[in-house]
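The structure appears right after this line, and notes come after that.
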Amino acid sequence: GNSVTQMEGPVTLSEEAFLTINCTYTATGYPSLFWYVQYPGEGLQLLLKATKADDKGSNKGFEATYRKETTSFHLEKGSVQVSDSAVYFCALSPQGGKLIFGQGTELSVKP
Amino acid sequence: NAGVTQTPKFQVLKTGQSMTLQCAQDMNHEYMSWYRQDPGMGLRLIHYSVGAGITDQGEVPNGYNVSRSTTEDFPLRLLSAAPSQTSVYFCASRTSLGTGELFFGEGSRLTVL
């Protein structure tokens, strides 16, 4: 079946540190992959997406590359800010179907 | 543009009580869905709808009912609340086409005592 596994949190970093949040998936066919972000007290919002192998999604300094050979979609940012503190969800959509989420990774960035 | 609107934002129920969580969207989206968010478990799909008059079960449908009489509205009903239904509930919508990007409401926090 389809599933998503994320690294466990919480992740605590100092401002300007490098961020990686690992995400691997299991899916049949060629799913679309997403990162959603949830700021405190808010709903989820799309951060970036990739729809085919080797695509790179990017937004607000965050990047993730769709790696079919390793079934991964790791989220990276070169220099995090306090305002990036949030919960990050990796998700997949098998060919336009229902969205399947990972368990979420909480990021806390300290000044 | 309001997007996806959920009410209420907070609710406390006693075991056995019933209630309805409201969801409305103004983007003319065909697809609407309800998720629950629990610590360490991510978001789990409860029910979804691909258009007015059509609903289907998700991963965790037991204890919940839905209906879709209009494109805009997708209420979630708890007929007899249980403590296991204490959670944060999110409504989300998207167009029927495309790559699955969802637009979420701000959530409804439900506590069942």
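Values in this text are rule-based calculations from the coordinates and carry no lab data. If you're wondering where the values come from, they're calculated on a predicted model, not measured in any experiment. Counting neighbours? That spans all protein chains shown, and the Cβs are built from the backbone with ideal geometry, glycine included.
Computed values, structure above
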item: B:L43 vs. criteria under 18 Å from B:T86 (Cβ atoms) and either touching a residue at least 60 places away in the same chain (Cβ under 8 Å) or basic (K, R) (or both); result: no
item: Conditions (1) surrounded by 19 or more Cβ atoms within 10 Å (Cβ to Cβ); (2) over 11 Å from the mean Cα position of the chain (by Cα); number of the one not met by A:Q95; result: (1)
item: Cross-chain or 6+ apart pairs with Cβ under 7 Å, segment A:17-31 first and in a loop (DSSP other than H, G, I, E, B), then among the β-branched types (V, I, T); result: A:A17/A:V80
item: Unique residue being of a type in the set (A, V, I, L, M, F, W, C) and over 27 Å from A:T12 (Cβ atoms) when the list is A:A53, A:A86, A:A64; result: A:A53
item: In segment A:70-92, residue surrounded by the fewest Cβ atoms within 10 Å (Cβ to Cβ) [restricted to those that are hydrophobic (A, V, I, L, M, F, W, C) and assigned to a strand (DSSP E or B)]; result: A:V87
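Listed here are the residues, each with its yes/no results for (1) among the aliphatic types (A, V, I, L, M); (2) part of a loop (DSSP other than H, G, I, E, B); (3) surrounded by fewer than 15 Cβ atoms within 10 Å (Cβ to Cβ).
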{"site": "B:V12", "(1), (2), (3)": "yes, no, yes"}
{"site": "B:Q17", "(1), (2), (3)": "no, yes, yes"}
{"site": "B:L21", "(1), (2), (3)": "yes, no, no"}
{"site": "B:A24", "(1), (2), (3)": "yes, no, no"}
{"site": "B:R36", "(1), (2), (3)": "no, no, no"}
{"site": "B:G40", "(1), (2), (3)": "no, yes, yes"}
{"site": "B:I46", "(1), (2), (3)": "yes, no, no"}
